[in-house]
1. In region 176-196, what residues are under 10 Å from Gly117 (Cα atoms) and among the small types (Gly, Ala, Ser)?
2. Which one of these is closer than 19 Å to Tyr87 by Cα, out of contact with any Asp or Glu (no Cβ under 9 Å at 6 or more places or on another chain) and not acidic (Asp, Glu): Ala127, Ala168?
3. Just to be sure, is Ile113 under 18 Å from Val83 (Cβ atoms), in contact with a helix residue (DSSP H, G or I) (Cβ under 8 Å, 6 or more places away or on another chain) and in contact (Cβ under 8 Å) with a residue 24 or more places away in the chain?
Amino acid sequence: MIKQSFFQPDTDTDTDTLLRLSQHRRQLTDSRMSRTIEPSSLEYLEAAVPVTPTEYSNEVDTTNDNGDCVCLNLDTLKCFEVVEHQYEEFGVIFNNCIAIQPSNPAFPTDNAIVLMGAPKGGFLEVAFTRPVNIVKALVTSSQRLLLSAYNRERKIVAQAVLPVGNLANSDSTLLPNALMSVKASQIYSITFCAFDGQFTVDNFSFCS
């Protein structure tokens with residue numbers, strides 16, 4: 001059974017504000033990445049299932065949820081560094097991902113370095129060398145964002161939805177750095193997809 005959760009805002013406010021990047025981002029090419037999965041090839045749910053809204057805050061809970069939890073230290077990365085195998089020793093591999101230090105105040109962060117989907121905007125994938133059961137991250141997005149978890153067969157087993165953008169300089173009812181999480185047995189990969197929007201990911205953590 002697919003599990004799905006979403007944040008419930010008071011309004012339908014959204015914004016098309018994009019994150020400003022330097023020329024470094026434009027110099028990234030697909031040849032520097034191991035592979036790129038097109039968002040159009042992924043399987044998504046047709047409709048959201050109303051459930052209790054997931055609460056969000058400015059902190060990630062990395063307490064032991066009946067297993068071992070890891071919260072990645074992104075500050076070890078350099079700005080505009082392509083992120084792929086840097087955290088493989090912890091059991092995680094990134095795809096279509098770079099490290100950035102946002103200068104746009106619309107994307108406030110707790111840490112100096114955060115993650116962003118690139119060179120293809122609006123999409124970021126994480127694969128786990130060993131299956132996990134919980135994945136959490138703080139997300140700031142320019143528009144609606146879908147966090148999906150997949151099993152070994154690439155079938156969706158859990159989803160979380162940020163229904164509208166939550167930029168700091170917008171009138172969104174959602175605060176920046178919303179805590180999103182998915183929980184299911186045997187998660188082998190997850191994707192963040194904002195459908196041509198821009199988003200940042202901070203305090204990425206997972207539990208087995």
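Nothing in this text is a laboratory measurement; each read-out follows from the coordinates by a stated rule. None of the values given here were measured: they were computed from a predicted structure. Ideal geometry is used to build each Cβ from the backbone, glycine not excepted, and the neighbour counts take in all protein chains shown.
1. Once the filter is applied, which keeps residues that are under 10 Å from Gly117 (Cα atoms) and among the small types (Gly, Ala, Ser), region 176-196 yields only Ala194.
2. Step by step, each of Ala127, Ala168 is checked, and only Ala127 is closer than 19 Å to Tyr87 by Cα, out of contact with any Asp or Glu (no Cβ under 9 Å at 6 or more places or on another chain) and not acidic (Asp, Glu).
3. yes
To keep it simple, each residue is scored yes or no on (1) surrounded by 19 or more Cβ atoms within 10 Å (Cβ to Cβ); (2) among the small types (Gly, Ala, Ser); (3) assigned to a loop (DSSP other than H, G, I, E, B).
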position: Met116; (1), (2), (3): yes, no, no
position: Gly121; (1), (2), (3): yes, yes, yes
position: Thr129; (1), (2), (3): no, no, no
position: Lys136; (1), (2), (3): yes, no, no
position: Ser148; (1), (2), (3): yes, yes, no
position: Val157; (1), (2), (3): yes, no, no
position: Val164; (1), (2), (3): yes, no, yes
